[in-house]
Amino acid sequence: MSLLLIILVCINVVLSEKLPEFIESCAQNDTNIDECFVNNAMKAIPELIKGIDYLKVPVLSPLFIQQIQLVHTDNII
């Protein structure tokens, strides 16, 4: 069992990607961790719009949506 755990951890370390340069690491014990997440999200938006090749994120500008369908029901939930 422990050998399997060690193998899985090693695979995870080998396959893990570094954070993109526009994302800062947030410390778990940071008192302002929410602010860190929001700042990272705000920094990521312009990069996501341009597209990120190595993460296979397509260019989102201009964003073309061919069809949107809304369904109205009387159910609240």
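Quick look at the numbers
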| item | result |
| --- | --- |
| Residue that is farthest from ILE45 (Cα to Cα) [pool: residues in segment 61-71 that are at pLDDT 85 or above and not polar (S, T, N, Q)] | VAL71 |
| Considering residues of segment 24-48 that are farther than 20 Å from PRO62 by Cα, β-branched (Val, Ile, Thr) and outside any loop (DSSP other than H, G, I, E, B) only, the residue farthest from the chain's Cα centre (by Cα) | ILE33 |
| Contacts under 8 angstrom Cβ, first residue in segment 16-42 being more than 20 Å from ILE52 (Cβ to Cβ) and acidic (Asp, Glu), partner surrounded by 12 or more Cβ atoms within 10 Å (Cβ to Cβ) and modelled with pLDDT of 85 or more, 6 or more apart | ASP30/CYS36 |
| Residue that is among the acidic types (Asp, Glu), surrounded by fewer than 10 Cβ atoms within 10 Å (Cβ to Cβ), modelled with pLDDT under 80 and part of a loop (DSSP other than H, G, I, E, B), where the choices are GLU17, GLU21 | GLU17 |
| Pairs where the first residue, in segment 45-69, is surrounded by fewer than 10 Cβ atoms within 10 Å (Cβ to Cβ) and the second is of a type in the set (A, V, I, L, M), C-beta under 6 Å, 6+ apart | SER61/ILE49 |
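The values are calculated or read from the model by the stated rules, or taken from the named source; none is laboratory data. All values reported here derive from a predicted model rather than from experimental measurement. Note that each Cβ is placed from the backbone with ideal geometry, even for glycine, and that neighbours are counted across all protein chains shown.
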